[in-house]
């Protein structure tokens, strides 16, 4: 009799737990479904591009300038242009964005000025990229007289991704526990020392990840580059940044005209000759590959830094 | 309640009246009663004295007119129920509150022998922290090597000589009773140590710069009993070398490690006396209620 009641109570508890756990299962299933749909779309897109562009996915394609003949056209000037623009963008947005984030997170007093700056930074992330293009056209191309150059393109995209870099960097800085800061302060460190010796080194992984996410956004941008006057037909390379003789590097390429991967794609897609569509698909596959590679690097970096630092 | 009873009263600084009329209703600890006091008057130098100290978080007055004397090379424990302000008080000594906007000190904490007002407006918090070390509630080693952890305070102080840094690091690790456990792996991360070892590493880190006062903020509350015992042993050994102020939740711990105990309640100092006196024969009803477990 006694055992029977105990057994019944147990059964009831089990039924209750199982009933409530149904929501866990439903949520996991919905989550997986959504995730896999998104992944599936990306994979299908990528495979489709690879399939369409397969005839042109070879070494020559990477190594040739654009041409009026589809089968001889390549993306050499486009991927070199994209790489140099990304280099410029990273070189500008990294120091500026990280410095801004450090100021906002570690130094800025909590007052209305700071609040306005913070709201603006967040809002800037939502400004359409063509607006940045217009701003850059007036400011960099004409006012600063940079012309339709790699420097102008790099600065434009830097502006575009600055909010992303700032927000990501702030997140990374905030992830450093207060206890660690206090430990450093208690030893007599100044604010600068706490930031330079502790907060920044411990948040490098997060900062670099945010940087690369920003660059992944920038690499595909087309509108602002068209606005500031990217060319779609460039049959020469900018002067190499590296030189055989002293001082071994040069910045002449900054002033040169440019094209970029998305510009080249856009140009090919808008041509009537179907042979160019194949080129566009091949370029698209390579651009997507470049983006995925960058994201892969970001994940690797995060993994490396997380492994070293666990609070 | 005669501050003049202690030796080395600073003649340049007359005691303000509010310190005399302060809330200390019990006599100052006398030399004979202390369980650790040897009767050696020379050792009872006042290292620091809070005079009419109040502290505000915004408009909230968290500490109310505290007056207390901290003896040099003695252990002073701050006890009291949660929220009584003992940690808040401790963190005034190294100006940790300066990191929180909207906080304000009133009154003074004098540091002797040079009569520096630790919470004075013109006194830089960094300068204060160069002289007063702190060990926190949760072990918080930097995610750097054991060596770098201990060497950091020296680095901040501009010590460049590697030989000197190595010597001081070893000395600090020995003083913190952890040298034998880590001497073969100084390059390993401080985070690779166990919780108790991490806390001793943090003590070594604070000792490396030879602080005049070492603040402990519930240093064992995150540790198991064995690690706790080792830390208490260590504090006992440090008694001869440095002035210690320790906040603890654990009354047995206060009784075990301290020479003097201050009981705080609702931001006020209720009673301050020799540890043995305070625990065996408290003069205040509130103290007695607390140490007999009636609240807290």
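Taken together, the values in this text are just the output of simple stated rules run on the coordinates, not laboratory data. Remember, it's a predicted structure, so these values are computed and weren't measured experimentally. Cβ atoms come from the backbone with ideal geometry, glycine included; neighbour counts cover every protein chain shown.
Points worth noting:
- Rounded, prolate or oblate (a/c below 1.5 giving rounded, otherwise prolate when a/b exceeds b/c) for region A:3-113 by Cα gyration tensor: oblate
- Cα-based radius of gyration for region B:45-85, normalised by 2.2 N^0.38 Å, reads 1.35.
- Looking at the protein assembly as shown alone, DSSP beta bridges between its own residues are antiparallel in about 60 percent of cases.
- The calculated pair-distance distribution of region B:47-291 uses every alpha carbon pair, bins of 10 angstrom beginning at 0, and gives 8, 32, 35, 20, 5, 0 percent.
- Estimated [θ] at 222 nm from DSSP helical runs (n ≥ 4, -39500 (n - 2.57)) normalised by residues in chain A, nearest 500: -23000 deg cm²/dmol
- Counting every other Cβ atom within 10 Å of each residue's Cβ, A:67, A:158 order from fewest to most as A:67, A:158.
- The alpha-carbon positions of the protein assembly as shown define a convex hull whose volume is 260 Å³ per residue.
- Annotation for region A:78-124 versus region B:236-296: alpha-carbon center distance of 52 Å.
- In this label model, residue A:107 and residue A:63 are separated by 5.0 nm, measuring between points 7 Å along each Cα→Cβ vector.
- A crude spin-label estimate for the pair residue B:194 and residue A:51, with each label 7 Å from Cα along the Cβ direction, gives 6.1 nm.
- Considered as an equivalent ellipsoid built on the Cα gyration tensor, region B:165-296 has semi-axes of 33, 15, 11 Å, the largest given first.
- Distance from region B:96-123 to region A:259-282 (C-alpha centre basis), Å: 69 Å
- With the convex hull drawn over the C-alpha atoms of region A:57-308, the volume per residue is 158 Å³.
- Rounded FRET efficiency, nearest 0.05, which uses the C-beta distance separating residue A:30 from residue B:285 and R0 of 60 Å: 0.45
- Alpha-carbon gyration tensor eigenvalues x 5, square-rooted, for region B:148-208, Å: 18, 11, 11
- Spacing of the modelled spin labels on residue A:43 and residue B:162, each 7 Å from Cα toward Cβ, amounts to 5.3 nm.
- Percent of Cα pairs exceeding the 17 Å cut-off, where the set is region B:55-130: 46 percent
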